[in-house]
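Asks: Below is a structure I'd like to ask you about.
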Amino acid sequence: MAKDIKDLGWNELIPGAALFSFSEPVEDVTEVAIDERPYSPTNSHEYSVGDWRVEKPVFNRDYCIDCQFCWVFCPDISIISRDKKMIGVDYEHCKGCGICVEVCPTNPKSLLMFPEHLENEEALAKWPAKEAKK
Amino acid sequence: MAKKYELNEIEVWDGNTAVSHALRQARIDVVAAYPITPSTPIVQNYSKFLADGYIDGEFIMVESEHSAMSGCVAAGAAGARTATATSSQGFALMVEVLYQASGMRIPVVLTVADRALAAPLNVNGDHSDMYLGRDAGWINLCAYNPQEAYDLTLMAFKIAEDLDVRLPAMVHQDGFICSHTAQNVRPLSDAEAAKFVGEYKPVNSMLDISNPVTHGVQTEEDWHFEHKARQHNDLMNSKNVIKRVFDEFKTLTNREYNLVDNYKLEDADIAIVAIGTTVESARIAADKLRDEGIKAGVLGIRVLRPFPFEEIVNALSNVKAIATMDRSAPGGTFGMLFNEISGAMIGSGKSPIILNYIYGLGGRDTTIEQLIEIYRQLDDCARSNQRKYPLQQFIGLRGPKLSFF
Amino acid sequence: MLEIRWHSRAGQGAVTGAKGLADVVANTGKYVQAFAFYGSAKRGAAMTAYNRVDDKPILNHEKYMRPDYVLVIDPALTYTADITANEKEDTKYIITTHLSKDELIKSQPKLENKDVYVVDCMKISLDTIGRAIPNAPMLGALIKVSGMFDLEYFQNAMKRVLSKFPQKIIDANMAAIERAYNEVK
Amino acid sequence: MTKKIRNLKELSLSNDRYEGANLMCPGCAHNIIVREVLNATDDPVVVANATGCLEVCTAVYPKTSWDTSWIHIGFENAAVAIAAVQTTYETLKKQGRLPKAAQKLADEGRDIKFVAFGGDGGTYDIGFQSLSGAFERGHNFMYVCLDNEVYANTGGQRSSSTPIGASTTTSPAGAVSYGEKMMKKSIVEIMADHGAPYVAQVSPSKWKDMIKKVQKGYEAKGPVFINAMSACTTEWRFASEDTIAVSDLGVDSCMWPLYEIINERDEHGIIYRTKLNITYRPKNKIPVEEYLAAQPRFKHLFKPENRHIIDLLQKAVDIRWENLQRREEAGV
């Protein structure tokens, strides 16, 4: 789409308000990773809800065991995992619910919530030590 | 591959039989339907055609009219040619989904055997269901006899599915008075009909999985208005496609259709405006008046939506007194035709005398005598250039005369 | 315009009879109409069916009719239905009964001085078709009384109308038509 | 074609067909359920959605969160919508008129899977007629009920899925009321009694159990019903990070037992055996009270005058759990 959607007049709209996921055909979407898809400008993937967050999850690679609990339970497809490896958090799509932190089984946790304004480096520097078994 | 159905040059079909053959010949992919008097025989015949091998598509006998229309909309979104039939209470149950069909731009064809709405319950013909759906954003074509019900059903697919239109279309016929009345019908052969209607052209099909599509979105105050404007614009402009399809049909069959059906209006002083079988009965009455030297004419609404504004104004521009005949309980105001014809005339700077007659509710017989009496009232008004009768009158009613204004 | 009114009980085949007649007539190049009054009443209720026949397209959709022929295919309706409603001076009545014409008029005085024909469609249909479906014999009687068609032409036309039925049923109907044609008085 | 998923790492190789930046609440279980349903197969999936939270948050013009074809028509017709789409697929396939990509995958034995999502309002209540009709007719699709036991989309009104004692906006707890008065409708059994080949209850927190059942659903011939517990952070009023924890409490208290009902049918569709399998047995069946205590919608039940409702709920849960075990043992 050449024009930005919000600048379209009534006469330029697709009849029936149909929306398309991609801007070109994708024969088998299950074969194409999220980073490689030709998303259409009307795909919500192209938008951000990052500003919904009050706190953000920060990922610490040092403790992660790649169990993928955070990946499967993330409601917002915001845990970036490739080839069975946890890579990080997609801050454009993460709403800061905190489920990933709750389900993280490591000790200390490899995901923790920090204030939104804190830089990730600072957060990693403040990472707590292993908790003693209760 | 469906079997060919051998047809005679002239068949004696009631409106329902005629429509069911048109549906069969249109090679529909999915019919989702639910029975209701008087449209039931349409879906019964259709399922019998299917059982006998005359149809390739699928028939889903659903559990309600709401599901029937929902099934048609969804199948349409998935790339199927779809159609269904209904009447009255079933139509009322469909209404929610009628708006979804037009808003989602799915070219469903709905054949309606028009019938009264309860309460009190009544299975006979009037236009209450047609009026209930008139703002639903559909193309509305009106038949006056079984031949027209057949012809218009075939044409409805071609109009609705046109890439410049992509809007659903209804074909109306009067319940029982047309739907159950057998008359001479000249059908097309299966091959001719299929060629005329053409192959279905899917648009934004859900089954094109390489191009996933989202149908039936939510729009709020930032977008709803633009989408409804686009929809209205396309419905208004569908007039051109309707005219083109009417012309193509005439070339094929020599049967002529127009947005409005004018009978002896060129020099008419008085005119009846009506929809359905009454249009034809009124022609008999008009001829009787003309035998007496009174210049009477009839305007039949062939296309109710998009509203044929210019055609109506042109046809009635020299008429002095007009009867607008509404076969639906007006519910606290004038009948729809009165309001719309009045609006059209006033909007074009004309000021004929316009009267509103409410008639034929619940299948009440509408006689030639009554129509003659309406013409006499019009004639009386036209001669004196005075409105000498109430604006709204109920005719054929037992008890004291009922009129307003 | 020729107008015909059928008096029948729902299930006795008046609608089929009216449509069958229309079918035959349409193929002679004439225009036809066949319809009925329906209510919500089920099988057994008294009902009426109608035919119009004309040389030009039929535009009249009123139900009101001044019949040229009144066909009564159930014997009891002669007494319980308003069979003379909207009659014309020369309306012809063809009535199913086991009585003679004189006996019938005596039992129903409002038929006095009218053009009345009698035929026992019930017995004929039971004898030939095996069921009390008196529509086919009534058509045979109508053809005779009206002189609309000759018997053979009408039978051949009806065979085509009935073509989707088994041969046995077609034959039985032909026999019924013929007997009524010969027996109506 | 059944996707091989032996463990979570294998599942995590899935390329999601559901997108972020949708407008669902943070921590919403609906999203977790949708992801598990879609990621359980690599076959193409086409979705119908009843009106509800999922629908209004994933297709607000001009944005869609679906990378698969999707349709919404109304609140009460998701089942017939997907049935009609599936019927279209069948007839176009038979007539050789499928779009190219769909035809190619069909030739590889990867037929499109048809899924409908509806909330408990669209499933237990307003959509029940359409759902029942579509099941009776035997269309080949999977209906997934996102059961959050309340009309969340419209602000938390009771549905026929709301459990007794829950406070909702139309069955609020008050000075003289303990909240919802009716027991929850047994939708799983009702749907199984339609003769459906496969019916199951799942919780997204037990991902492996859920994926396995969804896969059985995809394989089944005929209509499949999956009732998915969808813990609602907004209407159940727990913190957004606790969705999985609350779901586990539901499962471990047996308020939300995980089981499946299989109607084994011969080639004529005659059911010759019905089997009920409990698919998850809590090691320690925790008291219902623990589940209730985690959700402020039940807070008022802990007042002395309402404690009898907790006892009632416990009794109902125990009887049901006992019955499920008996049915399983008896193989009926």
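The values are calculated or read from the model by the stated rules, or taken from the named source; none is laboratory data. All values reported here derive from a predicted model rather than from experimental measurement. Because the Cβ atoms are built from the backbone with ideal geometry, glycine has one as well, and the counts that use them run over all protein chains shown. Areas reflect the complete protein model, heavy atoms only, side chains present, ligands, DNA and RNA absent. Shrake-Rupley method; radii C 1.70, N 1.55, O 1.52, S 1.80 Å.
Asks: Return the residues of region B:48-91 that are open to solvent by 40 Å² or more (accessible area, probe 1.4 Å) and within 21 Å of the chain's Cα centre (by Cα); say none if nothing qualifies.
Replies: If the condition is that a residue be open to solvent by 40 Å² or more (accessible area, probe 1.4 Å) and within 21 Å of the chain's Cα centre (by Cα), then B:GLN89 is the only one that fits.
Asks: Run C:TYR64 past the list (1) under 26 Å from B:GLY300 (Cα atoms); (2) in contact (Cβ under 8 Å) with a residue 40 or more places away in the chain and report the number of the one that doesn't hold.
Replies: (2)
Asks: So, one more: Can you tell me how many residues within region D:1-28 are within 7 Å of another protein chain (Cβ to nearest Cβ), buried (at least 19 other Cβ atoms within 10 Å of the Cβ) and over 25 Å from B:THR214 (Cα atoms)?
Replies: Qualifying residue count, region D:1-28: 2.
Asks: Now for a separate question. Go through (1) under 13 Å from the mean Cα position of the chain (by Cα); (2) closer than 18 Å to B:VAL279 by Cβ; (3) open to solvent by 10 Å² or more (accessible area, probe 1.4 Å) and name the single condition B:LEU132 misses.
Replies: (2)
Asks: Still on this model: Consider A:PRO57 carefully, then state whether it is touching a strand residue (DSSP E or B) at 6+ places or on another chain (Cβ under 6 Å) and either in contact (Cβ under 8 Å) with a residue 24 or more places away in the chain or assigned to a loop (DSSP other than H, G, I, E, B) (or both).
Replies: Spelling it out, A:PRO57 is indeed touching a strand residue (DSSP E or B) at 6+ places or on another chain (Cβ under 6 Å) and either in contact (Cβ under 8 Å) with a residue 24 or more places away in the chain or assigned to a loop (DSSP other than H, G, I, E, B) (or both).
Asks: Among the residues of region A:100-122, are any within 14 Å of chain D (Cβ to nearest Cβ), closer than 21 Å to D:ASN15 by Cβ and open to solvent by less than 70 Å² (accessible area, probe 1.4 Å)?
Replies: Within region A:100-122, one or more residues are within 14 Å of chain D (Cβ to nearest Cβ), closer than 21 Å to D:ASN15 by Cβ and open to solvent by less than 70 Å² (accessible area, probe 1.4 Å).
Asks: Would you call D:ILE190 at negative phi and open to solvent by 50 Å² or more (accessible area, probe 1.4 Å)?
Replies: It is true that D:ILE190 is at negative phi and open to solvent by 50 Å² or more (accessible area, probe 1.4 Å).
Asks: Output the residues belonging to region D:241-292 that are open to solvent by less than 30 Å² (accessible area, probe 1.4 Å) and touching a Gly at 6+ places or on another chain (Cβ under 6 Å).
Replies: D:THR243, D:TRP256, D:ASN263, D:TYR291
Asks: Taking B:GLN89 and the conditions (1) over 26 Å from D:LEU92 (Cα atoms); (2) part of a loop (DSSP other than H, G, I, E, B); (3) more than 12 Å from every other protein chain (Cβ to nearest Cβ), which numbered condition does it fall short on, given that it satisfies the others?
Replies: It is condition (2) that B:GLN89 fails.
Asks: Taking only region B:174-190 into account, find how many residues are of a type in the set (Ser, Thr, Tyr) and touching a Leu at 6+ places or on another chain (Cβ under 7 Å).
Replies: Qualifying residue count for the region: 1.
Asks: Out of all the residues in region A:70-88, which are facing chain D (nearest Cβ under 7 Å), open to solvent by 50 Å² or more (accessible area, probe 1.4 Å) and not in a loop (DSSP other than H, G, I, E, B)?
Replies: Residues satisfying the conditions do not exist here.
Asks: While we're looking at this one, here's another question. Hey, can you tell me all the residues within region B:163-187 that are more than 9 Å from chain C (Cβ to nearest Cβ) and open to solvent by 10 Å² or more (accessible area, probe 1.4 Å)?
Replies: Hits for region B:163-187 are B:LEU163, B:ASP164, B:ARG166, B:ARG186, B:PRO187.
Asks: Hey, among B:ILE312, B:ILE395, which residue is open to solvent by less than 40 Å² (accessible area, probe 1.4 Å), within 14 Å of chain C (Cβ to nearest Cβ) and under 24 Å from C:HIS61 (Cβ atoms)?
Replies: Testing whether each residue is open to solvent by less than 40 Å² (accessible area, probe 1.4 Å), within 14 Å of chain C (Cβ to nearest Cβ) and under 24 Å from C:HIS61 (Cβ atoms) leaves just B:ILE395.
Asks: How many residues does region A:17-46 hold that are out of contact with any His (no Cβ under 7 Å at 6 or more places or on another chain), surrounded by 13 or more Cβ atoms within 10 Å (Cβ to Cβ) and part of a helix (DSSP H, G or I)?
Replies: So the answer is 6.
Asks: Inside region D:180-207, can you point out the residues that are basic (Lys, Arg) and free of Cβ contacts under 8 Å to residues at least 24 places away in the same chain?
Replies: Answer for region D:180-207, where residues must be basic (Lys, Arg) and free of Cβ contacts under 8 Å to residues at least 24 places away in the same chain: just D:LYS181.
Matching residues to (1) touching a helix residue (DSSP H, G or I) at 6+ places or on another chain (Cβ under 6 Å); (2) assigned by TED's automatic domain parsing to the domain that holds B:SER20:
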{"residue": "B:GLN173", "(1), (2)": "yes, yes"}
{"residue": "B:ILE209", "(1), (2)": "yes, no"}
{"residue": "B:ILE242", "(1), (2)": "yes, yes"}
{"residue": "B:PHE246", "(1), (2)": "no, yes"}
{"residue": "B:PHE249", "(1), (2)": "yes, yes"}
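Asks: So, one more: Out of B:THR324, B:THR333, report the one residue that is crowded, with 19+ Cβ neighbours inside 10 Å, touching a helix residue (DSSP H, G or I) at 6+ places or on another chain (Cβ under 8 Å) and of a type in the set (S, T, N, Q).
Replies: B:THR324
Asks: Of the conditions (1) at the interface with another protein chain (Cβ under 7 Å from one of its Cβ atoms); (2) open to solvent by 10 Å² or more (accessible area, probe 1.4 Å); (3) of a type in the set (D, E, K, R), A:LYS95 clears all except one; give me its number.
Replies: (2)
Asks: Could you tell me which residue of region C:1-50 is farthest from C:ALA132 (Cα to Cα), considering only residues that are surrounded by 20 or more Cβ atoms within 10 Å (Cβ to Cβ), more than 8 Å from chain B (Cβ to nearest Cβ) and among the basic types (Lys, Arg)?
Replies: The residue in question is C:ARG5.
Asks: A further question follows. It is to be established whether one or more residues within region B:261-284 are surrounded by 17 or more Cβ atoms within 10 Å (Cβ to Cβ), in contact with a His (Cβ under 6 Å, 6 or more places away or on another chain) and among the β-branched types (Val, Ile, Thr).
Replies: Yes: region B:261-284 contains one or more residues that are surrounded by 17 or more Cβ atoms within 10 Å (Cβ to Cβ), in contact with a His (Cβ under 6 Å, 6 or more places away or on another chain) and among the β-branched types (Val, Ile, Thr).
Asks: Here is a follow-up. Name the residue that is farthest from A:ASP51 (Cα to Cα), counting only residues in region A:104-134 that are assigned to a loop (DSSP other than H, G, I, E, B) and acidic (Asp, Glu).
Replies: The residue in question is A:GLU131.
Asks: Do we find that B:ARG327 is assigned by TED's automatic domain parsing to the domain that holds B:ARG290 and either over 25 Å from the mean Cα position of the chain (by Cα) or within 21 Å of B:GLU266 (Cα to Cα) (or both) in this structure?
Replies: no
Asks: Given the criteria surrounded by 24 or more Cβ atoms within 10 Å (Cβ to Cβ) and under 23 Å from B:ALA274 (Cα atoms), does B:PRO146 qualify?
Replies: yes
One line per residue, one yes/no per condition, for (1) of a type outside the set (A, V, I, L, M, F, W, C); (2) more than 14 Å from chain B (Cβ to nearest Cβ); (3) in contact with a His (Cβ under 6 Å, 6 or more places away or on another chain):
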position	(1), (2), (3)
D:GLY122	yes, no, no
D:ILE126	no, no, no
D:HIS139	yes, no, no
D:VAL144	no, yes, no
D:THR168	yes, yes, no
D:ALA173	no, yes, yes
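Asks: Separate question: I need every pair where a residue in region D:266-284 that is more than 12 Å from D:VAL199 (Cα to Cα) has its Cβ under 8 Å from the Cβ of a residue that is modelled with pLDDT under 95 and surrounded by 14 or more Cβ atoms within 10 Å (Cβ to Cβ), sequence separation at least 6 or different chains.
Replies: Note: pairs meeting the criteria are D:ILE271/D:ARG265; D:TYR272/D:ARG265.
Asks: Just one of D:ARG110, D:ARG97 is in contact (Cβ under 8 Å) with a residue 60 or more places away in the chain, surrounded by fewer than 24 Cβ atoms within 10 Å (Cβ to Cβ), within 11 Å of chain B (Cβ to nearest Cβ) and over 19 Å from the mean Cα position of the chain (by Cα); which is it?
Replies: D:ARG110
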